[in-house]
Amino acid sequence: KKAQNPTTVPVIQTRTASTPVNKDPVAEFDKGVKRDPTLFPKLKDNKSWEHYYRGTKAIARAQNLSNILDPNYKPNTAEEIDLFDRQQAYMFAVAESTLLTDTGKALVRSHEATYDAQKIYTELVVKYSSSTSATQEASNLLAYITSDRLGEDTWPGSTEAYVLHWFECVRQFHS
């Protein structure tokens, strides 16, 4: 009989992967963050443009869809093209259900054949940020910012609320 040596420690061998596992971006997109189109704000009138724009950007980023809202993004590889196509399809459906103004509906209809959500959002931003009505709104904000004064019976809330309101008008003017 051989005596067992109590000081001998068994050697455990581990295997290491010699090649990294390639992930499929489309599969990762499909099984990643739960996408909920109902979270996106609806653009019902021109006055709610800023709320719509800010909310859509935030939710698109959280749902891994920022590429669609970037007018300069162009996919390069086959995987990026497939992923972008999937993102386009999803965001086109979002545009269909959230763009309820005449302008929004017209843009969705004009890109219906291509389902190009990126172009819809690019053209929407141009319309609402540099159109004649956007320029007029900016002029109205500037006139208000430079002429409004806080005084008795001019603001229904507190001074702090007025200052916050005034800063919000300045922010809107700059955006």
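What aspartates and glutamates does residue 127 reach when the alpha-carbon gap must be under 14 Å and sequence neighbours fewer than 8 apart in one chain are set aside?
Partners within reach: 45, 50, 102, 137.
Can you give the Rg to Rh ratio for segment 35-102, taking only C-alpha atoms and Rh from Kirkwood?
Rounded to two decimals, Rg over Rh is 1.00.
Based on alpha-carbon positions alone, could you give the equivalent ellipsoid semi-axes of segment 39-175 from the gyration tensor, as √(5λ), descending, whole Å?
Each semi-axis is the square root of five times an eigenvalue, giving 36, 16, 13 Å.
Using the structure shown, list the pairs from 47/119; 23/105; 23/44 with a Cα-Cα distance above 32 Å, or answer none. Walk me through the numbers on the way to the answer.
Values: 47/119 22 Å; 23/105 37 Å; 23/44 40 Å.
Result: 23/105; 23/44 exceed 32 Å.
How long are the semi-axes of the equivalent ellipsoid of segment 95-175, defined as square roots of 5 times the Cα gyration tensor eigenvalues? Whole Å, largest first.
36, 13, 10
Read-outs: derived from the displayed coordinates by stated rules, not from any lab. Small disclaimer: the values here were computed from a predicted structure and weren't measured.
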